[in-house]
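The block underneath contains the structure these notes are about, expressed in structure tokens.
Please treat every number below as a calculation from the coordinates, not as lab data. As the structure is a prediction and not an experimental result, all values here were calculated from the model. Cβ: placed from backbone, ideal geometry, glycine included. Neighbour counts: every protein chain shown.
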């Protein structure tokens, strides 16, 4: 990403469960980074219940590679990655082309 979003780190169960639920909107420079203890398809699945806007969702494995991505639609209840992932990055839907499958990423604490 040329201008990476400022994503909130989210690793507790409650933070991951709430996610972006009931938020009115998401700006292009905001996001949420869900962190799990291991690579998993089930653990890294997401729900869109109560999310009123579309999201670009990137699943990232423990090797820091993007293993799946999708535009998650507000009306669809849930999404699951095609490959196991340890991290899920949720950002503004317009950013879906910012990362490619297989691309290696890096998180920075700013």
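Some notes on this structure:
- Its DSSP H runs of at least 4 residues, each contributing -39,500 (n - 2.57), put the calculated 222 nm mean residue ellipticity of the chain at -1000 deg cm²/dmol, to the nearest 500.
- Beta bridge orientation in the chain: antiparallel %, DSSP, nearest 5: 80
- Among (i) 14, 42, 30, 10, 3, 0; (ii) 13, 33, 21, 16, 12, 5, 1; (iii) 16, 54, 29, 1, the entry that matches P(r) over Cα pairs in 10 Å bins from 0, in percent as calculated here: (iii)
- Put the Cα centre of the stretch 24-44 next to the Cα centre of the stretch 69-110 and the gap is 7 Å.
- For the chain, the relative contact order is 30 percent, taking Cα pairs closer than 8 Å that sit 6 or more residues apart in sequence and dividing their mean separation by the residue count.
- Theoretical FRET efficiency, 1/(1+(r/R0)^6), r = Cβ-Cβ of residue 35 and residue 80, R0 25 Å, to 0.05: 0.90
- Given their separation in residues at 0.36 nm each and the Cα-Cα distance between them, residue 106 and residue 22 gain 27.4 nm when the chain is fully extended.
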